[in-house]
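Data block below; observations after.
All of the numbers you see were taken from the coordinates with simple rules; none came from a lab. Source: prediction; values computed, not measured. Using ideal geometry, Cβ is built from the backbone for each residue, glycine included, and neighbour counts are taken over all protein chains shown.
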Amino acid sequence: MKSIKVGLLGIGTVGAGTFNVLKRNQEEISRRAGHEIEIVMVADLDVARAKELVGDQCAVVNDGNLVVANPEIDIVVELIGGYGIAKDLVLKAIANGKHVVTANKALLAIHGDEIFKAAQDKGVMVAYEAAVAGGIPIIKALREGLTANRIEWIAGIINGTTNFILSEMRDKGLDFDTVLKEAQRLGYAEADPTFDIEGVDAAHKATLMAAIAFGIPVQFDKAHVEGITKLEAVDIRYAEQLGYRIKLLGIAKRTPQGIELRVHPTLIPSKRLIANVEGAMNAVLVQGDAVGATLYYGKGAGAEPTASAVIADLVDIARLADADPAHRVPHLAFQPNSMADTPILPISEVTTSYYLRMPVADEVGVLAKVTSILAESTISIDAMLQKEPALGETQTDIIMLTHQTQEKNVEAAIKKIEALSTVLGKVTKIRLEHLS
Ligand code: NDP
Ligand code: HSE
C-alpha cells in the first residue's frame with residue numbers, strides 16, 4: 001500500500017485534532033483511502049509544544065517553508081489561518097506541485113480565485129471541506145450530492161461562536177463577554193473573535209457557498225455583513241413572543257435580478273428545525289429545484305469535528321491523486337470556463353420581510369400615523385405587538401412584522417417614521433426569513 005506523505009502547517013486547535021484523529025483511526029482511514037496517510041513533518045512557531053503533541057513520530061520545524069519545499073511531501077495541510085504567511089505558503093506548495101488542504105475560509109473568501117487558478121494551472125487540488133461549517137460535509141453536498149439541481153437558495157447557521165453566544169445568553173441569561181470567553185476557551189472562536197461576532201467569518205463561509213452553488217467567482221467584498229454586537233435582549237424576547245427565534249444567518253439566494261449574499265441577525269419561525277439549532281452547532285438549509293429543501297446539521301467548530309472534514313479531504317485527494325486532473329471535481333463545482341458573471345445585489349435591492357420596533361409616546365393616533373406611512377410605501381403588515389407602558393411610564397414599544405418588500409422601501413419608511421414627533425427614538429430593524 002502506497003503511503004501518502006502529509007506536511008502540516010500549524011498544530012493549534014485544528015492541527016492537533018487532525019494529528020490525533022488520523023493517528024487514532026489510521027487503520028480505518030487507510031482501508032478507505034487505499035493508501036496510508038502519514039504526517040511526516042509539522043511546522044509551528046511553538047516547536048516545543050508541537051514536539052510534545054507529536055512525540056518522535058515526525059519532524060517538527062518552525063518554518064513552514066521547509067514543509068512546502070520538502071520533496072517527500074504529497075499534500076500540505078494549512079491550519080495556520082489568516083491571509084499573510086498562510087497565503088504565501090499555500091501558493092508555494094501549489095507551485096511545488098503539492099495538493100493542499102485548508103480550513104482557512106478567510107484566505108479562500110478573499111484570495112480563492114487566485115489560489116484555485118494557480119492550482120488549476122499546476123494540475124493540483126485545493127480541498128477546503130473544513131472551511132465551511134466545520135465537520136458538516138456541506139462542500140461535498142453542494143459540489144457533488146446536489147449537482148443535478150439548480151440551487152435556489154442557501155441559509156445557514158455557519159458560525160458556532162455566535163450561535164453559542166445567542167443560545168447561552170437566551171437560555172442561561174449570561175452576558176455577552178462571559179460567553180465569548182467560554183467560546184474562546186473551547187476553541188470555537190477565530191484568532192480575532194471580532195470576525196465571529198461581527199459576522200465576517202459567516203460571510204467568508206457564505207461567500208464560498210454562493211460561489212459553488214451558483215458558479216460565480218468568490219466575491220467576499222460584495223457580501224453584506226452584520227454581526228450580533230448590536231442585537232438587544234429586548235428584541236430576542238419580543239421575537240419569541242411573536243413565535244420567532246433570532247439567529248445569525250448566512251444567506252445566498254438566486255433572484256431574477258441577481259444574487260443576494262448577506263449575513264445578519266434574522267428572525268426565523270420557531271417551528272423551523274433550523275431555529276432550534278443551539279450552542280456551537282451549525283446547520284445549513286439548501287433549496288434545490290429538484291430535491292427541494294435539504295438540511296445539514298452538525299458541529300461547526302472545535303478540534304475533532306473540524307479534523308473530520310480535513311481528513312475527509314485528505315482521503316479524497318489520496319484517492320484521486322493519480323487521476324487525470326480533468327476528471328476531478330472542479331474547485332468551485334462548475335468548470336472554470338463555465339463560470340457565470342451574475343451580479344451580487346446591493347443590500348438596498350434585497351427583498352425580505354422585516355421586524356420593526358419603535359419606541360413611541362403612549363398617545364392616541366401614533367399607530368395610525370405609522371401604519372399610514374407603511375401603507376404609502378406599499379409595505380403591508382403581517383403581525384403587530386403593542387406593549388402596555390410600564391406603570392408610571394408614558395413611552396411604549398410598537399413591534400411590527402412586515403410582508404416581503406425591498407430593503408430600500410423599508411429604509412425610506414423608517415426615515416419618515418423616525419421623523420414623527422411621537423416616535424421617541426431609532427427604529428430597530430431586523431430582517432425576517434420564513435425559509436419555506
Ligand atoms: P490556532 O490558532 O489554534 O492554530 C494555529 C496554529 O498555527 C498555532 O499553533 C500557531 O502557533 C501556528 N502558527 C502561526 N503562525 C505560524 C507560522 N508562521 N508557521 C507555522 N505555524 C504557525 O487556530 P485553529 O486551529 O483554531 O484554526 C486554524 C484554521 O482553521 C484557521 O484558518 C481557522 O479559521 C480554521 N478553522 C478553525 C476551526 C476551529 O474550530 N478552531 C473550525 C474551522 C476552521 P502559535 O500558537 O505558536 O502562534
Ligand atoms: N470561529 C468559527 C466558528 C470556527 O465559531 O464557527 C469554525 O469555522
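Over 24 Å between Cα atoms, which of Lys2/Lys23; Lys140/Lys181; Lys23/Lys205 qualify?
Lys140/Lys181; Lys23/Lys205, as the Cα separations exceed 24 Å there.
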Pairs of Cα atoms under 8 Å, at least six residues apart: use those to get the relative contact order of region 350-432, whole percent. 50 percent
Taking the Cα centre of region 138-299 as origin and charging only Cβ (+1 Lys, Arg; -1 Asp, Glu), how large is the dipole, in debye to the nearest 20? 540 debye
Give me, ordered by chain and number, the residues 5 or more places off Gly215 or on other chains with an amide H under 5 Å from its own placed amide H. none
Note on the chain, DSSP bridge orientation, antiparallel percent to nearest 5 equals 65 percent
Total formal charge among the other residues, if their Cβ is under 14 angstrom from that of Asp113, Lys/Arg +1 and Asp/Glu -1: -1
Please list, in order, the residues from region 1-21 whose amide nitrogen is less than 19 Å from a point placed 7 Å along the Cα→Cβ vector of Lys51. 8-12, 16
Once each part is reduced to its C-alpha centroid, what is the distance from region 136-189 to region 366-392 in angstrom? 34 Å
Please list, ordered by chain and number, the residues whose modelled amide H lies under 5 Å from the amide H of Leu186; skip anything fewer than 5 residues away on the same chain. none
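Defining a contact as two alpha carbons under 8 Å apart and six or more residues distant in sequence, what relative contact order in percent does region 138-299 show?
34 percent
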On the formula 1/(1 + (r/R0)^6), with r taken between the Cβ atoms of Leu66 and Asp221 and R0 of 35 Å, the FRET efficiency rounded to 0.05 is 0.55
Per residue of region 340-348, what does 6.51 cos²θ - 1.76 cosθ + 1.60 with θ = phi - 60° give for ³J(HN,Hα)? Whole Hz please, x for Gly and Pro, Karplus curve as stated. 9, 10, 4, x, 8, 6, x, 4, 4
If you place +1 on the Cβ of every Lys and Arg and -1 on the Cβ of every Asp and Glu, how big does the dipole about the Cα centre of region 350-432 come out, in debye to the nearest 20? 300 debye
Give me the three principal axis extents of region 115-200 from the C-alpha atoms, as integers in angstrom, largest value leading. 50, 29, 19
Net charge dipole size for the chain [Lys, Arg +1 and Asp, Glu -1 on Cβ; Debye, nearest 20]: 640 debye
Determine the sum of side-chain charges near Pro346: Lys and Arg each +1, Asp and Glu each -1, restricted to other residues whose C-beta is under 15 angstrom from that of Pro346. -1
So for the chain, considering every pair of alpha-carbon atoms, how many percent are separated by more than 28 Å? 52 percent
For region 220-227, in residue order, the Karplus 3J(HN,Hα) values (coefficients 6.51, -1.76, 1.60; θ = phi - 60°; whole Hz; Gly and Pro = x) are 4, 5, 9, 6, 8, 10, 9, x
Taking 0.36 nm per residue of separation between Ala412 and Glu363 and subtracting their Cα-Cα distance, the length gained on full extension comes to 15.3 nm
Mind jotting down the distance between the C-alpha centroids of region 393-422 and region 1-42, whole Å? 56 Å
With x for Gly and Pro, the residue-by-residue ³J(HN,Hα) of region 57-68, computed from phi through the Karplus equation 6.51 cos²θ - 1.76 cosθ + 1.60 at θ = phi - 60° and given in whole Hz, is 7, 7, 6, 10, 10, 9, 10, x, 4, 5, 6, 5
Taking max minus min of the Cα coordinates of region 138-299 on each principal axis, largest first, gives extents in Å of 45, 35, 28
Amide H to amide H under 5 Å from Tyr354: which residues, 5+ apart in sequence or cross-chain, H placed 1.01 Å off N in plane? Thr402, Leu432
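Summing Lys, Arg as +1 and Asp, Glu as -1, what charge do residues with Cβ under 12 Å from the Cβ of Ile251 carry, Ile251 excluded?
+2
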Just going by the charge dipole of the chain, with Lys and Arg at +1 and Asp and Glu at -1 on Cβ, which of Ala252, Ala118, Gly300 is farthest out on the positive end? Ala252
Relative contact order for the chain: what percent, with Cα pairs under 8 Å and sequence separation of 6 or more? 16 percent
Put in order of increasing Cβ neighbours within 10 Å, starting from the fewest, Lys387, Lys205 give Lys387, Lys205
